[in-house]
Structures are given as structure tokens and as C-alpha cells.
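A short worksheet on the structure shown next.
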Amino acid sequence: MTSPVTVGLGTRAYEVVVGRGLIDRAGARIGPFLRRPLVAVVMDQTVRDLHGARLIRALEASGVAGHTVVVEPGEAAKSFAGLESLCDRLLELGLERGDLIVAFGGGVVGDLAGFAAAIYKRGIDFIQIPTTLLAQIDSSVGGKTAIDTPRGKNLIGAFHQPRLVLADLGVLDTLPAREMACGYAEVLKTGLLGDGAFFDWLEANAPRVLAREPEALARAVERCVEMKAEIVARDERECGARALLNLGHTFAHAVEAESGYGEALKHGEAVGLGCAMAFRLSARLGLCPSADAERAVRAVAAGGLPTRLDEIAGHPFGATALVARMAGDKKARDGALTLILAHRIGGAFVAPDVDRHTVRDFLIFEGAPP
Ligand code: NAD
Ligand code: GLY
């Protein structure tokens with residue numbers, strides 16, 4: 001295990017520990033943050049069945065009572081109904097403001113439990129123990145918490161930083177291959193947006209990361225966590241640099257919304273497609289060499305991820321409809337599109353005010369009907 005990464009946020013700074021066997025030692029790690037020897041551990045049914053008993057045992061071994069709160073697996077849990085039911089359960093447990101919630105799961109549980117922690121009794125502490133690759137390298141770090149509404153994803157939420165993140169790489173052994181690929185999309189995104197050398201390494205080592213070879217997996221997770229921690233410390237509230245983490249996401253959210261947020265297209269797959277599209281658009285606009293765009297697209301495909309709209313069930317998605325979705329993005333200002341584009345691999349930048357017609361033409365060029 002390497003040294004923990006610190007997310008440098010002054011008095012709210014916290015450590016992200018990446019390693020193996022962390023779940024078995026969770027009680028000792030979490031103990032110093034507790035006022036009373038009890039925590040509420042939020043997990044979905046799948047994670048409870050696979051890993052729940054191990055975590056609760058580890059807490060008990062340190063004299064901490066872990067009260068399990070189970071939520072439905074899947075994005076639907078990130079709803080007002082899911083939040084209400086979680087908060088009700090926390091109230092029933094008698095959780096006090098000085099107590100702590102543990103979010104044990106993927107990005108869904110992290111976002112939901114984190115948002116509940118942000119508002120429960122006007123805010124209590126929480127700790128992230130992420131169990132998907134996506135959650136370990138992205139969603140557990142940085143304090144974005146949210147639920148969805150029928151009008152869109154992550155529209156209701158809060159910035160609420162965890163007190164500690166424990167990313168136990170061993171827990172990824174049970175993750176289905178498709179979920180690994182989804183997390184890998186965000187790993188690639190990290191290299192594409194800001195670290196060309198890391199991208200070079202990923203080009204050579206994608207199969208090892210996806211096969212969960214311990215050394216390769218550790219290097220990928222650690223590098224992504226380091227970069228995310230550094231960006232969040234610079235721009236917690238996404239006033240500047242943090243927006244770069246949205247590379248590929250404006251295209252991704254539009255395609256996800258058009259495809260109906262179903263099993264046909266998972267978020268990570270949409271991010272892979274979105275990164276490929278962002279690089280192709282950058283090359284088309286003369287902002288980035290075509291050779292870099294081709295490399296980016298090849299790397300997305302090598303991760304087992306889609307790179308073209310016609311690979312997505314439900315296509316054709318209309319260009320006008322996609323642009324309308326993109327204009328509803330949280331980054332949009334006065335109806336103009338803000339996109340993350342690239343000058344090169346490892347060199348993404350925020351492009352405010354991208355003309356909608358330019359994007360529509362590009363989508364038609366990509367095979368979308370008008
Ligand atoms: P998820 O939480 O739904 O997990 C995916 C699936 O894997 C679920 O069925 C879950 O039960 C299962 N699972 C989790 N851990 C497992 C394990 N170790 N073994 C076997 N199965 C396991 O999805 P996700 O991809 O982790 O997260 C997606 C969510 O994260 C989205 O809601 C997205 O909006 C959010 N997100 C948030 C941020 C942020 O900064 N807050 C960043 C990126 C994504
Ligand atoms: N996942 C993007 C962010 O945390 O800002």
C-alpha cells in the first residue's frame with residue numbers, strides 16, 4: 001500500500017487510502033472519527049450479500065456497532081423516494097448529529113448516502129468505502145452528492161466532503177466485467193484530460209487493468225485519485241479546473257437521456273463514447289491533431305466501450321434532440337453549450353459558448369439524423 005492521498009481542503013482535508021484488506025481493518029480506521037461506537041452503514045442488496053458481513057464483522061472487532069441500511073441496487077435508488085426512505089431509517093436508528101454514516105457501495109450508494117449525510121439533522125459526517133472501479137477513482141472523492149429527478153440526473157444535491165475514503169482494491173474482484181469497463185472509461189478520461197504519460201501507460205496496460213492485475217490496478221486507481229484530489233483541492237465548487245473532469249460527459253448525458261437511462265447504455269459506456277466524440281469534434285474543429293483523436297478513439301474501443309452512436313441500442317438519436325439535451329446540461333450558460341474539448345491527449349480545456357449549429361452539424365456528420 002502506498003501513502004494515502006490527501007484531498008487538501010484546509011480544515012476539511014481528508015485522506016483517500018488505496019490498498020488491499022482495508023475492509024478488514026475498517027474499524028480501526030473509522031474509530032478515530034466516532035463520538036459513539038456506532039455507525040449506519042448504507043449498502044445496496046448486492047454489496048450486502050457479497051461483502052456486507054465482512055465489513056460489519058470488521059467494525060465489531062473494533063467495538064463499533066454497524067447498523068446496516070439496505071437500499072435497492074441501481075440508479076433508481078437515487079431518487080426523492082429513495083432519499084426519504086433512507087432518512088427515515090436513519091431517524092429510526094436514532095442517529096445523532098455527532099454520529100457518522102458509512103457509504104459502502106458504488107457511485108449510487110455514495111451519492112445517495114452522501115446527500116443524506118449532507119442534510120440529515122442539517123449535516124453529519126460520512127465516510128466512503130467505494131466498491132466499484134468508478135466509485136474508487138471518481139465518485140467517492142470530491143464531495144459531489146446528489147439524487148436524480150425525472151427531469152434529469154444529479155439535479156438535486158450538495159457538496160459535502162467525506163471525512164475519509166477507503167478504496168479496497170480486493171473488493172473489485174466480484175465486480176462484473178461490464179462494470180469494470182464502465183469504471184475504466186473514467187480512468188481513460190483522467191489520462192485523456194490531463195496526463196499524457198498516464199494515457200501512454202494505459203494504452204499498453206488496459207488488459208492488465210481490466211483483468212484486475214493487482215499492480216496495474218493499483219497504479220491506475222492511485223493515479224486517478226491523485227489527479228482528482230489535486231483538481232478538487234484547486235476548485236472544490238467547479239468554478240474552473242474541476243469542469244475538466246466532465247470530459248465526454250455532455251455528449252454522454254445527452255445520449256443517456258435519449259436512450260432512456262436503461263441497461264442498454266450504462267453511464268461509463270456513455271462516457272467512453274462521449275470522450276471519443278469530444279476528441280473527434282476537437283479534431284474536426286482543427287483544435288487537436290487527428291492522430292490524437294484516432295488514438296483516443298482506439299483506446300476507448302480497447303476498453304470494450306462504444307465509440308460511435310450507431311453502436312448504441314435505440315440509435316438513431318436525432319441531432320436536434322441531442323443538442324437540446326446538451327443545452328440542458330448543468331454547465332450550459334444562457335442556452336450556449338459549454339464543452340470540454342482537447343488540444344491534445346492530456347490537454348483538455350473548457351470551451352464555453354460552443355455554437356449549437358456547429359455541434360448539430362458534427363452530430364449529423366457522426367450519423368445522427370437531423
Ligand atoms: P452503481 O453504484 O449502480 O454500481 C454498479 C453495480 O455494481 C450495482 O448493481 C452494484 O450493486 C454493483 N456492485 C457494486 N460494487 C460491487 C462489487 N464489489 N461487486 C459486485 N457488484 C458490485 O454504479 P457506479 O457505476 O458505481 O456509479 C454510478 C453512479 O455514480 C451514477 O449515479 C453517477 O451519477 C454517479 N457518479 C457520481 C460522481 C460524483 O462525483 N459524485 C462521479 C461519477 C459518477
Ligand atoms: N465526477 C466529476 C466531478 O467530481 O467533478
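Observations, loosely collected:
- Fully extended contour minus Cα-Cα distance, from SER290 to ARG308, at 0.36 nm per residue: 4.8 nm
- Here is the tail figure for segment 53-142: Cα pairs spaced more than 17 Å apart come to 48 percent of all pairs.
- Computed magnitude of the charge dipole of the chain (debye, nearest 20; Cβ of K, R +1, Cβ of D, E -1): 620
- Additional length obtainable on full extension of the chain from THR6 to ARG122, 0.36 nm per residue less Cα span: 39.2 nm
- Gap separating the Cα centres of segment 49-100 and segment 171-186, nearest whole Å: 23
- Label-point separation, ARG54 to ARG208 (7 Å along Cα→Cβ), nm: 2.4
- Per-bin percent of Cα-Cα distances, segment 74-194 [5 Å]: 2, 12, 21, 22, 20, 13, 6, 3, 1, 0
- When peptides 302-309, 56-63, 138-145 are sorted by average Cβ neighbour count within 10 Å, with the highest value leading, the order is 138-145, 302-309, 56-63.
- Net charge dipole, segment 238-367: roughly 280 debye, given to the nearest 20, about the Cα centre with Cβ charges of +1 for Lys and Arg and -1 for Asp and Glu.
- Normalised by residue count, the chain yields a Cα convex hull volume of 120 Å³ per residue.
- Cα gyration tensor shape for segment 187-283, rounded if a/c is under 1.5, else prolate or oblate: oblate
- Computed extension gain for THR320 through ALA177, at 0.36 nm per residue and net of the alpha carbon distance, reaches 48.1 nm.
Read the figures in this text as sums done on the coordinates, not as results from a lab. Just so you know, these numbers come straight off a predicted model, no measurement behind them. Here Cβ is always computed from backbone atoms with ideal geometry, including for glycine, and neighbour counts include all displayed protein chains.
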